[in-house]
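Enquirer: Can you read through this structure? Questions will come right after.
The values are calculated or read from the model by the stated rules, or taken from the named source; none is laboratory data. The structure displayed is predicted, hence computed values, not measured ones. When we count neighbours, we look across all protein chains shown, and the Cβ atoms used for this are built from the backbone with ideal geometry, even at glycine. Note: accessible area is taken over every heavy atom of the protein model, side chains too, but ligands, DNA and RNA are not part of it. Shrake-Rupley method; radii C 1.70, N 1.55, O 1.52, S 1.80 Å.
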Amino acid sequence: MLGRTLREVSAALKQGQITPTELCQKCLSLIKKTKFLNAYITVSEEVALKQAEESEKRYKKDHSLGYLDGIPVAVKDNFSTSGIETTCASNMLKGYVPPYNATVVQKLLDQGALLMGKTNLDEFAMGSGSTDGVFGPVKNPWSYSKQYREKRKQKLHGENEDSHWLITGGSSGGSAAAVSAFTCFAALGSDTGGSTRNPAANCGVVGLKPSYGLVSRHGLIPLVNSMDVPGIFTRCVDDAAIVLGILAGHDPKDSTTIQDPIKPFMLPNLTDVSKLCIGIPKEYLVPELSSEVQSLWFKAANLFESGGAKVIEVSLPHTSYSSVCYQVLCTSEVASNMARFDGLEYGHRCDIDVSTEAMYAATRQEGFNDVVKGRILAGNFFLLKENYENYFIKAQKVRRLIANDFVNVFNSGVDVLLTPTILSEAIPYVEFIKEDNRTRSAQNDIFTQAVNMAGLPAVSVPVALSEQGLPLGLQFIGRAFCDQQLLTIAKWFEKQVQFPVIQLQELIDDHQSFKMKS
């Protein structure tokens, strides 16, 4: 039951094959069994069971609220949840309980979804590994999959099996791991430079970054207001479309959301791709790209070609400036956003009471980790009066050029772009931490962050397993607000590639017996 799609589970609930409470308990039990993955910061067991009870009453009366009624979901811990601690994986917000729900969380609850808990992340969503939060790193469920372990056994001779666990990618690694390990059917992440698509690719799930302005940011604790978008994790494209249909639409509390009414996102079954034009950006063929991902990318292009689609090489000429431009704009907005954490109104406050200034300084010194402090310092440097024109304003102009590159490509008749999501398969934690957060983020956001600067929709779809038995994903990028077309094409592709299901049963049994012995 836990491996089924939203539609299937929803049908099973309607037919009484399973009750919301049973489903909730199955997921809670799996959350406990997979606790070592560190996917959740807070498990809201009582809340979820109470919601399941309410859902059950509705099903008994035949009053189901829709596809999500009685369905377990998880939420990244940078979305405000009323009455449930929201930490952003930082000491700065440990113990902070918001008085309201983020709009997207409220929309899920209004549809009868069961909130299983809040998921782990990099502190304040700054990172690409989910390794830099105060609650420790998230482990990729595929580290323990049968597929990966069998491949590793052939290579391993007496090495410590457990020291080689893999990262989930980030910053929404907890949500990706939660969906991948079957502890929920869908999860919310956020995506500022790739934070939903990157972990989706590493964990073998679907990660959708909607168009900027399609989904409300109210209650998402901001990182970079002009780029942040709530992201969606599911195990198939259709499920992502269902969740998007529920979340999308105007919100009076977020002035950047679109005004037009939104129709539900029902995806047609595309049978003919011959009228499509798929663009392959030549600048994305970088030397750092692993040969496996590269060959998969070209195979995917051939798949469209053999289906009759037109596949053309396109150019996004300003790609090489994208990373530097993103760093300037991102850190500048971060510096501005982080100013609100001053120890006065909410969150951590130090004990120093010599003066207000001393209290501010000590609070921020204790509350933020080095990554966050580093980004605040950089951002404030770019925003200094003598630097503002040379850095911030110049980066805004380059951002416009990058956005125009995409506009030009889509105006030339291209329907979607097909690119890698990340450079390679998931890597072991011990490898990942050899480089610092900033270096890793710059490396890992290479194919994803330009999309945020341009405000476009993009989705990472799991395609195949690498030679090591690990998931590899590819990214589709669509025109602004053509999210439905993007997902329709991604759904066709998903059907062609038939990505294998993660085999985790042994993992859970192993860890149970291991715990009992110890």
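Enquirer: Relative contact order of segment 191-267, please, whole-number percent, based on alpha carbon pairs below 8 angstrom and at least 6 residues apart.
Expert: 31
Enquirer: Additional query: Would you pull out the residues with amide H under 5 Å of D251's amide H, same chain only if 5 or more places away, H placed 1.01 Å from N?
Expert: Counting only residues 5 or more places away or on other chains, the set is T257.
Enquirer: Taking only C-alpha pairs under 8 Å that are 6+ residues apart, what is the relative contact order of the chain in percent?
Expert: Relative contact order for the chain comes out at 17 percent.
Enquirer: If I compute Rg and Dmax of the Cα atoms in Å from the structure I just sent, which labelled value in (1) 22.0, 72; (2) 24.9, 77; (3) 28.8, 93 lines up?
Expert: (1)
Enquirer: If Lys and Arg each add +1 and Asp and Glu each add -1, what is the summed charge of the other residues whose beta carbon sits under 12 Å from the beta carbon of G279?
Expert: Computed value for this residue: -1.
Enquirer: I want the local charge near H318. Using Cβ-Cβ distances under 12 Å, sum +1 for each Lys or Arg and -1 for each Asp or Glu among the other residues.
Expert: Local charge sum for H318: +1.
Enquirer: Take the residue pairs K26/K57; K33/K491; K299/K495; K118/K151; K26/K61 and return only those whose Cα atoms are more than 21 Å apart.
Expert: K33/K491; K118/K151; K26/K61, as the Cα separations exceed 21 Å there.
Enquirer: Cross-link candidates for K14: which aspartates and glutamates have Cα within less than 16 Å, leaving aside residues fewer than 8 places away along the same chain?
Expert: E22, E53, E54, E56, D62, D69
Enquirer: Moving to a separate point now. Using the Karplus equation 6.51 cos²θ - 1.76 cosθ + 1.60 (θ = phi - 60°), what ³J(HN,Hα) coupling, rounded to whole Hz, does each residue of segment 305-318 give in order, writing x for Gly and Pro?
Expert: 5, 6, x, x, 6, 8, 10, 10, 7, 10, 10, 10, x, 8
Enquirer: Which whole-percent values make up P(r) of segment 372-452 when all C-alpha to C-alpha distances are grouped in 10 Å steps starting at zero?
Expert: Calculated P(r), rounded to whole percents: 14, 31, 32, 21, 2.
Enquirer: Evaluate the relative contact order of segment 1-109 (contact order divided by residue number), counting alpha-carbon pairs under 8 angstrom at least 6 apart; express in whole percent.
Expert: Averaging sequence separation for qualifying contacts and normalising by length gives 24 percent for segment 1-109.
Enquirer: Please report the spacing between the Cα centers of segment 297-340 and segment 60-118 in Å, no decimals.
Expert: With segment 297-340 and segment 60-118 each reduced to a Cα centre, they are spaced 31 Å.
Enquirer: With viscosity set to 0.890 mPa s at 25 °C, what whole-number translational diffusion coefficient in µm²/s follows for segment 155-280 from Stokes-Einstein and a Kirkwood radius over Cα pairs?
Expert: So the translational diffusion coefficient is about 151 µm²/s.
Enquirer: When the helices in the chain are scored as -39500 (n - 2.57) per DSSP H run of 4 or longer and the sum is shared across all residues, what 222 nm value do you end up with, to the nearest 500 deg cm²/dmol?
Expert: -12500 deg cm²/dmol
Enquirer: Here's a follow-up. Using the Cα gyration tensor of segment 316-366, with a ≥ b ≥ c the square roots of its eigenvalues, what is the shape: rounded (a/c below 1.5), prolate (a/b larger than b/c) or oblate (neither)?
Expert: It is prolate, given that a/c is not under 1.5 and a/b is the larger ratio.
Enquirer: Right, another one. Taking R0 as 30 Å, what FRET efficiency do you get between E431 and S306 from their Cβ-Cβ distance, rounded to the nearest 0.05?
Expert: Efficiency, from the Cβ-Cβ distance: 0.25.
Enquirer: What is the spin-label model distance, in nm, from S412 to S320 if the labels are put 7 Å beyond Cα along the C-beta direction?
Expert: Rounded to a tenth, the inter-label distance reads 1.8 nm.
Enquirer: Find how much the distance from I18 to N404 grows on full extension, using 0.36 nm per residue of separation minus their present alpha carbon separation; answer in nm with one decimal.
Expert: 133.9 nm
Enquirer: With every protein chain left in place and a probe of 1.4 Å, what is the accessible surface of E467, to the nearest 10 Å²?
Expert: 140
Enquirer: Filter the chymotrypsin sites (Phe, Trp or Tyr not before Pro) in segment 340-415 to those in DSSP coil with at most 15 other Cβ atoms within 10 Å of their Cβ, and list the result.
Expert: Answer by residue number: Y388.
Enquirer: In sequence order, what are the phi-derived ³J(HN,Hα) couplings for segment 266-281 according to the Karplus relation 6.51 cos²θ - 1.76 cosθ + 1.60 with θ = phi - 60°, rounded to whole Hz, with x for glycine and proline?
Expert: Once rounded to whole Hz, the list reads 8, 8, x, 7, 6, 10, 10, 9, 5, 8, 8, 10, 9, x, 10, x.
Enquirer: Can you list residues whose amide H is under 5 Å from V416's amide H, if they're 5+ apart or on another chain and H is modeled 1.01 Å from N?
Expert: C277, G279
Enquirer: How would you classify segment 256-328 from its alpha-carbon gyration tensor, with a ≥ b ≥ c the square roots of the eigenvalues: rounded for a/c under 1.5, else prolate if a/b is greater than b/c, otherwise oblate?
Expert: Because a/c hits 1.5 or more and a/b fails to exceed b/c, segment 256-328 counts as oblate.
Enquirer: Would you please put 172-179, 273-280, 443-450, 185-192 in order of how densely packed they are, using the mean number of other Cβ atoms within 10 angstrom per residue and starting with the highest?
Expert: 172-179, 185-192, 443-450, 273-280
Enquirer: Can you work out ³J(HN,Hα) from phi for every residue in segment 430-447, in order, using Karplus 6.51 cos²θ - 1.76 cosθ + 1.60 and θ = phi - 60°, giving whole Hz and x for Gly and Pro?
Expert: Result, ordered by residue: 4, 6, 4, 7, 5, 10, 7, 4, 5, 5, 4, 5, 4, 5, 7, 8, 4, 8 Hz.
Enquirer: Non-local amide H neighbours of V311 (under 5 Å, H modeled in plane, Pro and chain starts lacking H): which ones?
Expert: I278
Enquirer: Tell me the Kirkwood radius of segment 360-518: reciprocal of the mean inverse pair distance over distinct alpha-carbon atoms, in Å.
Expert: Computed over segment 360-518, the radius equals 19.7 Å.
Enquirer: With all protein chains present, calculate the accessible area of H218 using a 1.4 Å probe and round the result to the nearest 10 Å².
Expert: Roughly 50 Å² of H218 is accessible to a 1.4 Å probe.
Enquirer: Can I ask one more? Label points 7 Å out from Cα along the Cβ direction at M1 and Q443: separation in nm?
Expert: Output for this residue pair reads 4.3 nm.
Enquirer: Extension gain K253-L285, at 0.36 nm per residue separation less the Cα-Cα distance, in nm?
Expert: Extra length from K253 to L285 when fully extended: 7.5 nm.
Enquirer: Go through W297, W165 and list them by solvent-accessible area, largest first, probe radius 1.4 Å.
Expert: W165, W297
Enquirer: Rolling a 1.4 angstrom probe over the protein heavy atoms, how many square angstrom per residue are accessible across segment 332-489?
Expert: Ligands and nucleic acids excluded, the result is 44 Å² per residue.
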